[in-house]
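Notes follow once the structure below has been shown.
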Amino acid sequence: MDLEAKRRALAAFARRTYEERLGLQPTPGELATLGGLADPETMLVEIAHDGQLPHLGIVRMVLKANAIARQDRRGATLYLIGNHYSPDMRPDNIHFGMPLRGSPPNLVKHPPKLRIGKSNARTPFRLLPPPKLDELSSLRALVLQFAEHNLAHERKSGVRLEESARIKVEERLDDLFGLLKRASEEVENLGDWLIRVQHDLLQRMLGRDADGIVFLPMAELTELFRDELERLAHGRDVARQPGGRPTDRANPQESTSLFWVYCPRCFRRTRVASQPDLTVAHVCAVCGHRQTLAGTELWRWLMPDIAGYEAGLFRLGIGGWVIGSLAPYHEEIERLYREEYGEAMPPKFLLASVPMFRGTGDPPEGYGKTRLLRAWLEAEPPALAAALLAPWNENPRIRSDLLPDAP
C-alpha cells in the first residue's frame, strides 16, 4: 500500500473541500492540520455520522475524538459527515430540536425544521439545495415563538428565570441564524451546508482547539479509496442474519451486496449485486428508470454500505475510531477488513455516555438527544464544550443558564 500517495491525496482533497465547496478560509491552525494530513506519521482518529443538525451526543463524540488525537502533537480528527443520506432516511436530522411546554422535541406535533418538501424527501442531502434565506428567516420566527411559549411555561410552573432570559434568547437567535445564513450563501448543496454549519459551530465552541478537526463529506471521500472499493466489489457478498449480524455464509439466500446504487432519476437507493466487470444494469423498482452504469458514471451513483465504507476508508491510515454504540455491523467491518487485508483493524473507542440537557420547556429530567442548535439558545458555546468534555464514562448533565434554580 502506497500510504504516502494516499495521504497526499487526502490532504489535497481536504484543502479543496474547505476552499472550493465549504467556502472557508482556513485559519493558520487549520492550514497546519490540513497540510499535516499528507504525512503518514500523522495519527488520524475518525468519527463518522449521518448528515444532520447534530444532537449533543454526536458533538461529544467529536470533541472526545479530538481529545484523543490531541494527545499526539501531530494527531488530527477526521469528522466524516454522511451527505449521501436523505431526509426520508433520517427525518429528525433536519429538526431544530425545540421542546414545547414540557413535551420533548420528539413528541412535538409540528416541530421547527428545515423545509424540504415531500417530492425531495428521498433525495440525498448532497443533491438538495441549501436552505434559502427567507426560509431561515421563517424558521427563526417559529423558533422564537416556541422559546416564548417555553419561557411562559416555566414561569407558570413556578420556576425562576434569569431576569434577561428573553433578551438573551433573542440575541443568541440572531447570532445563530446569522451563522446559518452565512453558510447558506457560501455553499451549493444541503450536504455541504450541514458540514459548514457544524464546522462554524464547533469553531465557536472550541476556538483554536477546533483547528485539529477536519470536516469532510463521506460520499466524495470514496474517491480516495476507490481501489479498495473496486477490490471489494469484485464478486464479494456478505452474509447477514436478520438485523444485520454476520453469519458463516452457509446460506446464500442471506447474502447481500456491500453496495447501494442510487437511481439517477428519482434518487431512490437499492442494494446492487457485485459484478466482476464493475457494470450495473440498473432498473429502478420505483420509477422504472433503466440505465447501464459503468466507469465514472457508476461511481457517481454507487455507494458502499457502512461495512464496505469503513473497510476501505481505514486504508488511508486511520489510527483509531470513536463509536457511540456496539452496533452489530462493527463485527462485520472487522471481519471484512481482516479477511481482505490479513490484519486487525485499529482500535475503536466506545463512548456510550449520554448528555442530558435541561432547558426551558424540557421535561424536568431533561432530554437525552438535545440538538446543538436548541442548546445554543440557552448556554454559552464554551460552556457547552466544557460540559461535553466531561470524563469518558460520565453522563454530562447540562442545565440552561436561563434556569438558575431549576433542578
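With all pairs of different C-alpha atoms in the average, the Kirkwood value for the hydrodynamic radius of segment 20-74 is 13.1 Å. Computed 3J(HN,Hα) for segment 123-135, one whole-Hz value per residue from the Karplus formula 6.51 cos²θ - 1.76 cosθ + 1.60 where θ = phi - 60°, is 7, x, 3, 6, 10, 9, x, x, x, 6, 4, 5, 5, glycine and proline marked x. Relative contact order of segment 53-203, taken over Cα pairs closer than 8 Å and 6 or more residues apart, is 25 percent. Here's how it looks for ASP305: its modeled amide H is under 5 Å from those of PHE259, TRP260, which are all 5 or more places away or on a different chain. Under the convention that each Lys and Arg Cβ holds +1 and each Asp and Glu Cβ holds -1, the size of the dipole of the chain around its Cα centre is about 1000 debye.
Among ILE318, ILE58, the ranking by other beta carbons within 10 Å of each residue's beta carbon, starting with the fewest, stands as ILE318, ILE58.
Among the listed pairs LYS118/LYS369; LYS113/LYS369; LYS6/LYS64; LYS109/LYS369; LYS113/LYS181, which are separated by more than 22 Å between their Cα atoms? Kindly include the intermediate steps, with their values, before the conclusion.
Working: LYS118/LYS369 25 Å; LYS113/LYS369 15 Å; LYS6/LYS64 26 Å; LYS109/LYS369 17 Å; LYS113/LYS181 15 Å.
Among LYS118/LYS369; LYS113/LYS369; LYS6/LYS64; LYS109/LYS369; LYS113/LYS181, the Cα-Cα distance tops 22 Å for LYS118/LYS369; LYS6/LYS64.
Segment 25-68 and segment 79-106 have their alpha-carbon centroids 22 Å apart.
Of PRO363, PRO112, PRO396, the residue with the greatest mean-square motion in the GNM of the chain, using alpha carbon springs below 10 Å, is PRO363. Max-minus-min Cα coordinates of segment 143-194 on each principal axis give 47, 17, 13 Å, with the largest extent listed first.
Footprinting exposure proxy ranking of HIS289, HIS330, HIS55, fewest other C-beta atoms within 10 angstrom first, gives HIS289, HIS330, HIS55.
Given the alternatives [x] 1.25; [y] 0.98; [z] 1.02, Cα Rg over 2.2 N^0.38 Å as computed for this entry is given by [z]. Given R0 = 41 Å, the distance between the Cβ atoms of SER138 and ASN393 translates into a calculated FRET efficiency of 0.45.
Comparing GLY368, GLY57, GLY82 in a Gaussian network model of the chain (Cα springs below 10 Å), the most mobile by mean-square fluctuation is GLY368.
Close amide H contacts of LEU78 (hydrogens built in the peptide plane, cut-off under 5 Å, sequence separation of 5 or more or a different chain): VAL45, GLU46, ILE47, VAL214. When both bridge partners sit in segment 3-114, DSSP labels roughly 20% of those beta bridges antiparallel.
Sequence-ordered 3J(HN,Hα) estimates for segment 137-150 from the Karplus curve with 6.51, -1.76 and 1.60 and θ = phi - 60° stand at 5, 5, 5, 4, 4, 5, 4, 4, 4, 4, 4, 5, 4, 6 Hz, glycine and proline given as x. DSSP assigns beta bridges within the chain; of those with both partners inside it, close to 50 percent run antiparallel. In this structure the amide hydrogen of GLY361, modeled in the peptide plane, comes within under 5 Å of the amide hydrogens of GLY102, GLU154, none closer than 5 places in sequence on its chain.
In what order do CYS287, CYS263 fall by count of nearby beta-carbon atoms within 10 Å, going from fewest to most?
Numbers: CYS287 12, CYS263 21.
Listing CYS287, CYS263 from fewest to most nearby Cβ atoms yields CYS287, CYS263.
Relative to the dominant Cα principal axis of the chain, helix 56-69 is inclined by about 60°. For the chain, what does -39500 (n - 2.57) per DSSP helix run (n ≥ 4), summed and divided by total residues, give at 222 nm, in deg cm²/dmol to the nearest 500? So the helix-based figure for the chain works out to -11500 deg cm²/dmol. Couplings for segment 174-182, taken from phi via the Karplus curve 6.51 cos²θ - 1.76 cosθ + 1.60 with θ = phi - 60°, read 4, 5, 5, 6, x, 5, 5, 6, 4 Hz in order; Gly and Pro are left as x.
We did not get these values from a lab; they are worked out from the coordinates using the rules stated. Worth saying up front: this structure is predicted, and the values here are computed from it rather than measured. With ideal geometry, Cβ positions are generated from the backbone for all residues, glycine too; neighbour counts draw on all protein chains shown.
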